């Protein structure tokens, strides 16, 4: 079954660099060739889930140090890769469980820039330390949302 998909042109420069059959100002076209005998929409849904892995691989390459394999030995590289995937999963679940829904599709780079690497001052008042955020901090509401969600996390018992 051959099926052509018509969708918006990607804004991601990496996706835009891929080869195209022809150019259009408003739509991007994808061709799927498959031996699945089902409705074209079901074929699209089946393959679209797999296409998301490209975004994850790109994020691992650019936001995590996946592109720099540390050694030439197999076993240390496996350990490195497992730790990298563990860090990726931690950030993924942090976005899902602690951040507003708009952050679920954001990359680590965006989360880092908007919520983690912010100028602030740690001040001591009344024998308590407090984090003083900068004035007009654009993401303060999202930051405070995360602060209210983090204490609600509970450890999971693995059996």
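The values are calculated or read from the model by the stated rules, or taken from the named source; none is laboratory data. Values in this document were obtained by computation on a predicted structure and should not be read as measured data. FYI the Cβ positions are ideal-geometry reconstructions off the backbone, even for glycines, and counts take in every protein chain you see.
For residue 116, work out the one condition from (1) in contact with a strand residue (DSSP E or B) (Cβ under 8 Å, 6 or more places away or on another chain); (2) closer than 16 Å to residue 146 by Cβ it doesn't fulfil.
Of everything listed in (1) in contact with a strand residue (DSSP E or B) (Cβ under 8 Å, 6 or more places away or on another chain); (2) closer than 16 Å to residue 146 by Cβ, residue 116 misses just condition (1).
Could you tell me whether any residue of segment 68-75 is within 27 Å of residue 149 (Cβ to Cβ) and out of contact with any strand residue (DSSP E or B) (no Cβ under 9 Å at 6 or more places or on another chain)?
Within segment 68-75, not a single residue is within 27 Å of residue 149 (Cβ to Cβ) and out of contact with any strand residue (DSSP E or B) (no Cβ under 9 Å at 6 or more places or on another chain).
Pairs, please: C-beta under 9 Å, at least 6 apart or cross-chain, first residue touching a residue at least 40 places away in the same chain (Cβ under 8 Å) and in segment 138-158, second surrounded by fewer than 10 Cβ atoms within 10 Å (Cβ to Cβ)?
Note: pairs meeting the criteria are 142/102.
Being touching a helix residue (DSSP H, G or I) at 6+ places or on another chain (Cβ under 8 Å) and closer than 20 Å to residue 91 by Cα is the filter here, so list the residues in segment 127-144 that pass it.
139, 142, 143
With respect to the numbered conditions (1) within 30 Å of residue 80 (Cβ to Cβ); (2) at pLDDT 60 or above; (3) surrounded by 10 or more Cβ atoms within 10 Å (Cβ to Cβ), which one is the sole condition not fulfilled by residue 15?
It fails just one condition, (2).
Scan 99, 60 and give me the residue that is surrounded by 11 or more Cβ atoms within 10 Å (Cβ to Cβ) and either outside the structural domain of residue 141 (by TED's automatic domain parsing) or modelled with pLDDT under 90 (or both).
The unique qualifying residue is 60.
Any chance segment 109-124 includes a residue that's at pLDDT below 90 and on the phi > 0 side of the Ramachandran plot?
Checking segment 109-124: not a single residue is at pLDDT below 90 and on the phi > 0 side of the Ramachandran plot.
Being outside the structural domain of residue 134 (by TED's automatic domain parsing), farther than 18 Å from residue 140 by Cα, in a helix (DSSP H, G or I) and at pLDDT below 90: is that true of residue 66 here?
Yes, satisfied.
Could you figure out which of (1) part of a loop (DSSP other than H, G, I, E, B); (2) without any contact (Cβ under 8 Å) to a residue 24 or more places away in the chain; (3) assigned by TED's automatic domain parsing to the domain that holds residue 147 isn't true of residue 129?
(1) is the only condition that residue 129 fails.
Looking at 55, 49, which one is surrounded by 12 or more Cβ atoms within 10 Å (Cβ to Cβ), within 30 Å of residue 79 (Cα to Cα) and modelled with pLDDT under 80?
55
Please work out which residue is nearest to the chain's Cα centre (by Cα), limiting yourself to segment 104-126 and to residues that are farther than 14 Å from residue 94 by Cβ, part of a loop (DSSP other than H, G, I, E, B) and touching a residue at least 12 places away in the same chain (Cβ under 8 Å).
The residue in question is 118.
Which condition number in (1) in a helix (DSSP H, G or I); (2) modelled with pLDDT of 85 or more; (3) under 30 Å from residue 141 (Cα atoms) is the one that residue 82 fails?
With respect to (1) in a helix (DSSP H, G or I); (2) modelled with pLDDT of 85 or more; (3) under 30 Å from residue 141 (Cα atoms), residue 82 is out only on (3).
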